[in-house]
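Mind looking over this structure? Questions follow.
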Amino acid sequence: MPFSPAPPSPLASEAALLAAHALPADPATWDELREPSGALRPAWAVFAREMPAVATAQALAQDLNQRRAQVQQRIQADGVTHNVFTEAAADQRGAVGLNGAGGVAANAARPWSLELLPLIIEPADWAQISAGVLQRAALLEQLLVDLAGPQQLLHRGLLPPALVLRHPGWLRPLQGHRPPGGQHLYVVAFDIARGADGRWWLAAQRTQGPSGLGYMLHNRLVVVQQFAQAFQQLRVQRIASAYRQLLSTLEQQAAAVAGSSTPRVVLLTPGPYSETYFEHAYLARYLGVPLVEGGDLTVRGERLYMKTVEGLEPVHGVLRRLDDDWCDPLELRADSTLGVPGLLQATRAGTVVLANALGSGFLESPAVQAYLPGIAQHFSGQPLLMPAMPTWWCGDAQAWQQVRGALADKVMRSTYPRGGRASPHYGHPEQAVHEDADAWTLQARLPMSRAPIWGDGALKPRPAMVRVYAIADGKGGWQVMPGGMTRVAPSEDGSVSMQRGGTSLDTWVMTNGPLDTYSMLPQRLQADDLVRRRRPVSSRTGENLFWLGRYTERTEQIVRLARTTLALLPLEVPAPVRLAVSTLALRSGLAPPGVPTLLQSATLFERSVLAGLADATAAQGAYSIAYNLAALERAAQSLRDRLSPKQWGLVRSMGAGFRAALAGSADDLPTPARVLPALDHLGLQLAAVTGMQTDRMTRDHGWRLLTVGRLIERLQGVALRLDVFVHAESFEKSALGSVAGVELLVDLLDSLITFRARYQRHEDLLALADLLVLDETNPRSLAGVLRRLRLEIDKLPGPPEGLLALRALLPAQGAGLTLEQLQGADDKSVATQLRNLALQLSSSASDLAERVSGHYFTPAHGLDQRV
Amino acid sequence: MNSPLDAVPEAQPAPGAALLLEVQHDTHYRYATPVSLAHHLAHLQPLQDEHQTVLAFDLDIDPQPECPVPSQQAAQQAQSSSAAPPVQQFFSLTQPHRHLRVRASSRVRVAPRFKDLQPSQSPPWDDLAAGLRHSSGAPYQAAAQFSYPSPFVPRLPALRRYAEPSFPAGAPVVQGALQLMQRLHDEFSYEADSTDIDTPLDQVLEHRRGVCQDFAHLMIGALRMLGLPARYVSGYLLTQPPEGGPALLGADATHAWVQLWCPGTPGVPSTGAAAGWLDLDPTNNRVPGAGHVRLALGRDFCDVTPLRGVIRGGGQHTLAVGVSTRVLQSS
């Protein structure tokens, strides 16, 4: 489209500068940016005025470009992602393995797409939206109450039975059952759009586990940062209290079923591969509730429990993001591994509140819209305040007769959900309706209003759809969240879908009334709240934390080993030392099995170590640095509701940074000169991650498991190094037979400074044993690691007998070897004792890891099968 | 689950005789590795209505469930007179186990039904179907829900084509259904193990062979494609014991057949829980009498699976099912 910026003029108003960039919108649609005269709408004029003063349209463009880049950087930095499904993957949803620490994502995780400019909704418009949405939310609840009881709507022909009873979202096992507390819907989402006449129309409604609440929150944080002044001036309503409302409604209802015990509420996610997993973790963090997958929950005797590292903890409320039919493989979809067997029994027994209650999925059918006006009349005698896009259900012969001659301006939609996300396939509409009329619904096309987005130096008009949310107060009332998740189509005539390249906008709802400045975060807590907010650690979270600790330590060790190995290559060192280093490299995963040792071919050895560094999938057999970083990232990914954004950001940037530093042409190995600084940098980052894990995390049972994981890994690392360095036909032929070998080992265990300060004769084996084995004050000596391990084991949850059994796997005191035992012995005998100790502790460490896993984690794992 | 014996003609009771039957239904799972947690759902208790009285029922589960859950009345159809609610039993096992044996023992009195059936006096099938369409303004019929597709019975245009020759315009619905049953019986061969429960219906239709479940699903699907309500009956069939001996234990099997909704047909109950429903057994091409014991009714197999579960662990498993039916008394 031809476009020439206005001539630069220092006198031009800000509004004119902004308007100068605007591409024309389709005149047959409502322009959110401009009046028909071409002038900016009042809200946008204020917005323009509150932008930083610039003199020219060009300067404005520059400023906006910069801000747009900042928005994208922030999304990168915060790791806001969105999983995009391929059609095939969508069909297999639920069949995907969901092992927290392992598994490979079947779909692409894309950075969340957020536009710089908000959609601004003025008070009068919001009043229309809000009234319409409140009425509709209450109506849907009333409808569900009727269908769970007298079913007047069916008997009076107000709702065709085929729309309810044929819909897979109508759950037969729950027929006739009211949910505990009587509330069906806690949150309902309405997708609305503005027509050419400026009125808002309803396009669709979501009643199961509507998505967007988390992204919406993050969108707000990011966009407000860019336009803080305009945000103030436009008197934009805050959204935080609506989140509080959602949680407190659920908590109230959960309290009623919990009786005298403290109600426990969790957020149920399908898992890391679900489309909107980011926001599940984000919301769980924000609301302060545990994020759980189906495997973290279990039903015993009609009650729902969460598997925690402390045993089974009762759960009374579930904020769910798992669609209805996946929730219980015993009575619903049998091919689902995402749900909780027995959940329906618990909900029928009234021992757990689900938000939303199961069985409302049929309301998502577009065909229902055709009957809601009549149902509203029936219940309240009132017409609907907000119209839905005109809808005809083809199963109604009269409706079909009415529209069959005028299909050009209608969209044909599937009445019932189809497998996967594929658009419905049908040949000719007449033929499709002839085959199965009930399955089709026609909807009028609405020319959606055009919202401005900033890109390529211009304000481009894009079709916009806003998702707004109604939240129940649990007492029959509803509240509309004053904001929304606006999505725009990727092109002027495209469809609006985040799956198909759409992008999102922050949604600013202006008010003339007082601003609610409630913030979720700083609030005065009651003693009860404190108990409730002490989040239990699910077995899966515990396991992921344990592995986070192990992988962090393992990565630190291997990075240090890689540095030492590569630095050693050009140096003259005795053969036993070179052999020890290559053995260690092999056994640590730095070099693949079968590679010649350093003695046999230094060149080949070096090449294979270099080649392995960036191999994240261990394709060549080396479980080297990139592999460990990826494992670390996966463990952290599953812990996003617990880790600080900083820690998660750092973990992600370590992997990306290391890959980038080593990236070169395909057949070109990175040189040690390039690798060594990257390793140094990585070492520092790892130290920072370790620091956050040690100092910045709450010391609950989860943290303790992380620490135990780290210490077990360290115990194994120290023992392995000692074993490799001391092992030889004779002591003289071992790596420790030379000063170089002794210093190298001490350096690998990060103890060189102490060693040099404390001991004069470096080849003295007793000195080495003292520092690396016996000294409890050295955090990297065997005794030091064991001392801490014993301390942390004592604080693990569980009965004392269990903890004693764990402790019994370790020496009762010190490292299990004393200075007295070593004194007077010759080097050979000291070496033998050290090696035996190393072997014994290495196997103790493995046993301990296995016992800890079996004790605290196993219940969450193992796959369910239907028989 | 089905042995060829369910194709054997049922024992012929004296016309008009009620039967007192005893049924023992054993289900035995053996697991390769221990199952650490299991949730099960059973539809093993015979239903109760005007024609069938359950005199005794016992469910014996080994190992003993730790959390036995009382029987639940599930799927209550509010205001519905179409069926008594099926009785379900839930139970779970929370201790590791390598096997599960569930033995359901029932004593049932079954009265003869459909004695005076007059197929030619049944309503025209097309009027019946039209009356269930929404736009007709006809009163709500709970039976309409059984005219919709269900998980095991998808809509297949080929099934409509198969059914149409038996249903010329205005034909009495029961006449059409009997002819359809006859054709299914003649044109499909009963072959044990030729299908399993996951064999899609279109394959059964294509290969023209299957077991009783498949024939029930086929017939239900064909009737539904015409807009007629049809449902799935899970049950037992009394089979002819070998000459001179008692019925062989475990030689029988669970059976499945069809119910067609044809209110107003002479000979079909017009009141009570079974009002308007006529049983049809396409596997044996007959209208069931007192030798068919009804366990549960549903849209298809998935609603009334005799025993199912979700287990953790277990590895590979084997399943053995044995049913024996015995006449205690004929009156």
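Between A:ARG235 and A:ALA59, with labels modelled 7 Å along Cα→Cβ, what's the label distance in nm to one decimal, could you check?
3.1
What do you get for the angle between helix A:277-287 and the principal long axis of chain A? Use alpha-carbon atoms, 0 to 90 degrees, nearest ten.
Taking the Cα atoms of chain A, the angle to A:277-287 is about 90 degrees.
Assign unit charges at the C-beta atoms only (+1 for Lys and Arg, -1 for Asp and Glu), then state the dipole size of the protein assembly as shown relative to its Cα centre in Debye, rounded to the nearest 20. Don't skip to the end; give the middle numbers.
Details: 105 positive and 109 negative charges, 412 e Å.
I would put it at about 1980 debye.
Then there's this: What does the average come to when, for each residue of peptide A:301-314, you count the partner chain Cβ atoms lying within 10 Å of its Cβ?
On the way: counts 7, 6, 1, 0, 0, 0, 0, 0, 0, 0, 0, 0, 0, 0.
For this peptide, the per-residue mean of nearby foreign Cβ atoms is 1.
Also, I was wondering about something else. For segment A:19-33, what does the Karplus curve 6.51 cos²θ - 1.76 cosθ + 1.60, with θ = phi - 60°, yield as ³J(HN,Hα) per residue in whole Hz, taken in order and with x for Gly and Pro?
For segment A:19-33, the Karplus-derived couplings read 4, 4, 8, 7, 6, x, 8, 3, x, 7, 10, 7, 9, 5, 8 Hz, x marking Gly and Pro.
Taking the highest mean first, how do the peptides A:338-350, B:27-39, A:199-211 order by number of other beta carbon atoms within 10 angstrom per residue? Walk me through the numbers before you get to the answer.
On the way: A:338-350: 25.2, B:27-39: 19.5, A:199-211: 21.1.
Going from most to least packed, we get A:338-350, A:199-211, B:27-39.
Give me a single rounded figure for A:340-346: the average over its residues of other chain Cβ atoms within 10 Å of their Cβ.
5
Roughly how many Å is it from the Cα centre of segment A:135-168 to that of segment A:580-604, as a whole number?
About 70 Å separates the Cα centre of segment A:135-168 from the one of segment A:580-604.
Less than 18 Å from a label point 7 Å out along the Cα-to-Cβ axis of A:ARG41: which backbone N atoms in segment A:227-241 qualify, by residue?
Under 18 Å, as judged by backbone N against the label point of A:ARG41, lie A:230-237 of segment A:227-241.
What is the distance in Å between the Cα centroid of segment A:385-402 and that of segment B:201-230?
33
Could you derive backbone 3J(HN,Hα) for segment B:325-331 from the dihedral phi with the Karplus parameters 6.51, -1.76 and 1.60 (θ = phi - 60°), listing whole Hz in sequence and x where the residue is Gly or Pro?
10, 9, 8, 8, 6, 10, 9
Amide H of A:VAL411 versus every other amide H placed in the peptide plane: which residues, excluding those fewer than 5 positions away on the same chain, fall under 5 Å?
Amide H to amide H, under 5 Å and 5 or more residues apart or across chains, A:VAL411 pairs with A:GLN443, A:ALA444, A:ARG445.
Estimate the FRET efficiency between A:GLN398 and A:ASP473 by the formula 1/(1 + (r/R0)^6), using the beta-carbon distance for r and 56 Å for R0, to the nearest 0.05. Mind showing how you got there, number by number?
On the way: r = 39 Å, r/R0 = 0.70.
In this case the efficiency is close to 0.90.
Hey, another quick one. Shape call for segment A:242-314 from the C-alpha gyration tensor, a ≥ b ≥ c root eigenvalues: rounded (a/c under 1.5), prolate (a/b greater than b/c) or oblate?
Oblate is the answer for segment A:242-314, as a/c is 1.5 or above yet b/c matches or exceeds a/b.
Taking 0.36 nm per intervening residue step and subtracting the Cα-Cα distance, what contour gain separates B:LEU55 from B:THR33 on full extension?
4.1 nm
Which one of A:PRO180, A:PRO592, A:ALA57 is farthest out on the positive end of the charge dipole of chain A, using unit charges on Cβ (Lys, Arg +1; Asp, Glu -1) and the Cα centre as origin?
Of the candidates, A:PRO180 comes out farthest on the positive side.
Starting from the 7 Å offset along Cα-to-Cβ, what nm value, one decimal, do you get for the label separation of B:ASP127 and B:GLN182?
2.3
Applying the Karplus parametrisation 6.51 cos²θ - 1.76 cosθ + 1.60 with θ = phi - 60° to the phi angles of segment A:506-514, what ³J(HN,Hα) value in whole Hz is obtained for each residue in order, glycine and proline being reported as x?
Result, rounded to whole Hz: 5, 10, 9, 9, 7, 9, 9, x, x.
Sticking with this one: Let me make sure I get this right: for the protein assembly as shown, a, b and c are the square roots of the gyration tensor eigenvalues over alpha carbons, sorted descending. Under 1.5 in a/c it's rounded, otherwise prolate if a/b > b/c, else oblate. Which is it?
Cα axes put the protein assembly as shown in the oblate bin.
Still on this model: Could you tell me the distance between the Cα centroids of segment A:425-489 and segment A:634-682, to the nearest Å?
Centre-to-centre (Cα) distance: 40 Å.
Continuing with the same structure: Among the aspartates and glutamates, which have Cα under 13 Å from the Cα of A:LYS795 when same-chain residues fewer than 8 positions away are ignored?
Here the aspartates and glutamates satisfying the reach criterion relative to A:LYS795 are A:GLU310, A:ASP700.
OK, next. State whether segment B:182-245 is rounded, prolate or oblate according to the following rule on the C-alpha gyration tensor (a ≥ b ≥ c being the square roots of its eigenvalues): a/c under 1.5 gives rounded; otherwise a/b larger than b/c gives prolate, and the remaining case gives oblate.
Judged from the Cα gyration tensor, segment B:182-245 comes out prolate (a/c at least 1.5, a/b above b/c).
Please find the FRET efficiency linking B:ASP198 to B:ASN285, where r is the Cβ-Cβ separation and R0 is fixed at 30 Å, and quote it to the nearest 0.05.
0.70
Taking Cα atoms, how many degrees apart are the long axis of helix A:827-852 and the longest axis of chain A, rounded to 10 and kept between 0 and 90?
Between the helix axis and the principal axis of chain A, the angle is about 20 degrees.
Does anyone have the angle between helix A:539-568 and the longest principal axis of chain A? Alpha-carbon axes, 0 to 90°, nearest 10?
Between helix and principal axis, roughly 50 degrees.
With a bin width of 10 angstrom, please list the P(r) values of segment A:801-867 as percents of all Cα-Cα pairs, from the 0 bin to the one holding the largest distance.
Result, from short to long distances: 17, 34, 23, 15, 7, 3, 1 percent.
Same structure, new question: Between A:ARG462 and residues 5 or more places away or on another chain, which pairs have amide H atoms under 5 Å apart, with H built 1.01 Å from N, and which residues are they?
A:ALA451, A:ILE453
Continuing with the same structure: Can you tell me the length gained on complete extension of the stretch A:GLN620 to A:ASP747, counting 0.36 nm per residue apart and subtracting the Cα distance?
Here the segment from A:GLN620 to A:ASP747 would lengthen by 42.9 nm.
Right, another one. Placing +1 at every Lys and Arg Cβ and -1 at every Asp and Glu Cβ, with all other atoms neutral, what dipole size does segment A:762-867 have around its Cα centre, in debye to the nearest 20?
Values: 10 positive and 14 negative charges, 99 e Å.
Computed charge dipole of segment A:762-867: roughly 480 debye.
How large are Rg and Dmax for segment A:180-266 when calculated on the C-alpha trace, in angstrom?
Calculated on Cα positions, Rg and Dmax stand at 17.4, 55 Å.
Taking each residue in A:165-173, count the Cβ atoms of any other chain within 10 Å of its Cβ, then average. What number comes out? Spell out each step's value before the answer.
Details: counts 7, 6, 1, 3, 0, 1, 1, 9, 6.
Shielding by partners across A:165-173 averages 4.
Check A:TYR186: other-chain or 5+ apart residues with amide H under 5 Å from its amide H, H built from backbone geometry?
So A:TYR186 has HN proximity to A:ASN356, A:ALA357.
Please give the calculated 222 nm ellipticity per residue for chain A, where each DSSP H segment of at least 4 residues contributes -39500 (n - 2.57) and the sum is spread over every residue; nearest 500 deg cm²/dmol?
-13500 deg cm²/dmol
Here, each number is a calculation from the coordinates, and none is a lab measurement. Owing to the predicted nature of the structure, the values given are computational and were not obtained by experimental measurement. Every residue, glycine among them, receives a Cβ derived from its backbone with ideal geometry; neighbour counts consider all protein chains shown.
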